[in-house]
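First the structure, in the form of structure tokens, and then the observations on it.
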Amino acid sequence: MRSIPGYGFLSENARFAAAVAEAGITFIGPDAETISLMGDKISARNFAESHGVPVAPSVMPTGDLDAFISQAEAIGFPLLIKAAAGGGGKGMNIVRSAADLREAARLASSEAQRYFGDGRVYAETYVERPRHIEVQVLGDGKGGAIHLFERECSVQRRFQKIIEEAPSANLPAKLAADICASAVRLAAAANYKNAGTVEYILGADGRFFFLEMNTRLQVEHPVTEMITGLDLVRCQIEIAAGKGLPLAQSDVKANGHAIECRICAEDPDHDFMPETGVIQYLGVPEEEWLRFENAVDQGQKVTADFDPMLAKLVVHGADRAEAVDRSIAALDGLALLGVKTNIDYLARVLDHRAFRAGDLHTGFVAEHKADLAPVPLDETHRVQLLAAAALGFRDFQDLALGTPEPYAAIGGWRN
């Protein structure tokens, strides 16, 4: 019997992995000890640093808030406050002055306790206009590890990714190779078993720093699958079954470019506030270069009880330009009615000149906020939309199209 935890919270829960193993069930993922080592951001940072993986200057928690603040001030601002056991942007705050540090640390600790049951936080140097680069790795649990190239995840809102792509945009080959090599070095040193992701912050000066390791499959893993042709879930199962790595590093090839858009129930025009409703219609374009991964259906309620992500739209192209064009076309052809989503917003991001040029960083959404706002409807377009909406009502159709002359010309008059 085997258990595959997907990419939810249980996939990085060391106690769950240990309990599954104790029950005689194969956990499809790393063992509990590795999850504990790499799942805790502080121990992972220390481990990475001890194996030559660059880490940003940081301050670890001491249990004494005053001492923590004093040490954090010493490494300078801006700082990023992070939850030791966190992920998904929870428990993260940027602090730009000493005056804000105490309150930011208190809020981050409170949020970390609420989401992860662990209120420890730490501070590290915040890299301005950073790019978020991550490396997909596979490990056999015996010191063998390979990478499946890197992904670019820089387009985010509230520290959460909304567009990912593989390979990264405009990343020099040597720099990409150095980042991937450090990820393999880390996975091998940890005797990492199964699929995992090593995440980095990349500065404009080419310096990169270890962020964290996710000991699970990532939401964005399909872009790696589309450029490598590998089925990562199958790789996970075969590694867990003791079959080792699926191929040697020299046999891993990248083909073309892939982009994933996270379709979320949210309102981008109002600070990405989550939206609720009932899905009235779902129409998905079908193309051989398109994957639409979802678990939604017509009539399904969308509530605020879960993450707002509803689906993933993943597109492959021969190169980045084609992948961008195909992604926009797929978003234009995607219809999801009954709840407000970010579909149109994602298309505007992809079509923005800076995105097309590959000028990406984690502040992209905020920097281009004005450009990414919807264009107001002109009068002609507004009338066309109102007419189309009116034609959706049977009574209007009967009146406009089903009444013969001369009665149609009379309108609503009766004798």
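What the table shows:
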{"item": "Counted charge near residue 127, where neighbours are those whose Cβ lies closer than 12 Å (Asp, Glu -1; Lys, Arg +1)", "result": "0"}
{"item": "Accessible area in the full protein assembly, largest first, 1.4 Å probe, for 278, 59", "result": "278, 59"}
{"item": "Value of [θ]222 nm, deg cm²/dmol, for the chain, DSSP H segments ≥ 4, -39500 (n - 2.57) each, nearest 500", "result": "-10000 deg cm²/dmol"}
{"item": "Around residue 78: net Lys/Arg minus Asp/Glu count, Cβ-Cβ under 9 Å", "result": "0"}
{"item": "Given 12 as the ceiling on other Cβ atoms within 10 Å, longest exposed-site-free region of the chain for GluC sites (Glu not before Pro) in DSSP loops", "result": "129-285"}
{"item": "DSSP loop chymotrypsin sites (Phe, Trp or Tyr not before Pro) with at most 13 other Cβ within 10 Å: longest gap in the chain", "result": "1-305"}
{"item": "Neighbour net charge for residue 273 - beta-carbon separation under 13 angstrom, K R +1, D E -1", "result": "-2"}
{"item": "FRET efficiency estimate (nearest 0.05) - Cβ-Cβ, residue 42 to residue 306, R0 30 angstrom", "result": "0.55"}
{"item": "Diffusion coefficient, µm² s⁻¹, Stokes-Einstein with Kirkwood Rh over alpha-carbon pairs of segment 34-191 at 20 °C and 1.002 mPa s", "result": "128 µm²/s"}
{"item": "Cβ charges +1 (Lys, Arg) and -1 (Asp, Glu), total dipole of the chain, debye", "result": "660 debye"}
{"item": "Lys/Arg +1, Asp/Glu -1 at C-beta; the chain dipole; positive extreme among 50, 230, 300", "result": "50"}
{"item": "Cα gyration tensor, segment 183-226 - rounded (a/c under 1.5), prolate or oblate", "result": "oblate"}
{"item": "Most mobile of 166, 370, 14 in a GNM of the chain (Cα contacts under 10 Å)", "result": "370"}
{"item": "Residue order for 226, 38 - accessible surface, 1.4 angstrom probe, largest first", "result": "226, 38"}
{"item": "Highest-MSF residue in the chain out of 358, 141, 29 [GNM, Cα springs under 10 Å]", "result": "358"}
{"item": "Alpha-carbon Rg with Dmax, taken over segment 103-254, Å", "result": "16.3, 51"}
{"item": "Surface share of carbon and sulfur [accessible, 1.4 angstrom probe, percent] for segment 53-152", "result": "50 percent"}
{"item": "Gaussian network model of the chain, Cα within-10 Å springs - most flexible of 31, 297, 305", "result": "305"}
{"item": "Most to least accessible of 262, 15 (protein chains only, probe 1.4 Å)", "result": "15, 262"}
{"item": "Orientation-averaged projected area, Cα convex hull of segment 222-378 (nm²)", "result": "11.9 nm²"}
{"item": "Accessible-area value, residue 302, 1.4 Å probe, nucleic acids and ligands omitted, Å²", "result": "20 Å²"}
{"item": "Sites residue 293 and residue 10, calculated FRET efficiency, Cβ-Cβ separation with R0 25 Å, nearest 0.05", "result": "0.80"}
{"item": "Area accessible to solvent at residue 344, 1.4 Å probe radius, in Å²", "result": "110 Å²"}
{"item": "Rounded D (µm²/s) - segment 326-393, Kirkwood Rh over Cα pairs, Stokes-Einstein at 20 °C, 1.002 mPa s", "result": "152 µm²/s"}
{"item": "Residues of the chain: accessible area per residue with a 1.4 Å probe, Å²", "result": "48 Å²"}
{"item": "Relative contact order (percent, whole number), segment 116-158, Cα cutoff 8 Å, 6+ residue spacing", "result": "35 percent"}
{"item": "Calculated Cα extents along the principal axes in Å (choose from (i) 70, 47, 41; (ii) 91, 55, 45; (iii) 67, 41, 40), label", "result": "(ii)"}
{"item": "Percent antiparallel among DSSP beta bridges (both partners in the chain, rounded to 5)", "result": "95 percent"}
{"item": "Over segment 143-291, relative contact order from alpha-carbon pairs under 8 Å, at least 6 apart, %", "result": "24 percent"}
{"item": "Cα shape, segment 254-328, gyration tensor, a/c 1.5 rule", "result": "prolate"}
{"item": "Positive-pole candidate from 148, 169, 245, dipole of segment 148-260, charges at beta carbon", "result": "245"}
{"item": "Relative contact order (percent, whole number), the chain, Cα cutoff 8 Å, 6+ residue spacing", "result": "13 percent"}
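The values are calculated or read from the model by the stated rules, or taken from the named source; none is laboratory data. Fair warning: this is a prediction, and the values are worked out from it, not measured in the lab. Reconstructed Cβ throughout: ideal geometry from the backbone, glycine too, with neighbour counts over all protein chains shown. These accessible areas exclude ligands, DNA and RNA; they are computed on the full protein's heavy atoms, side chains included. Shrake-Rupley method; radii C 1.70, N 1.55, O 1.52, S 1.80 Å.
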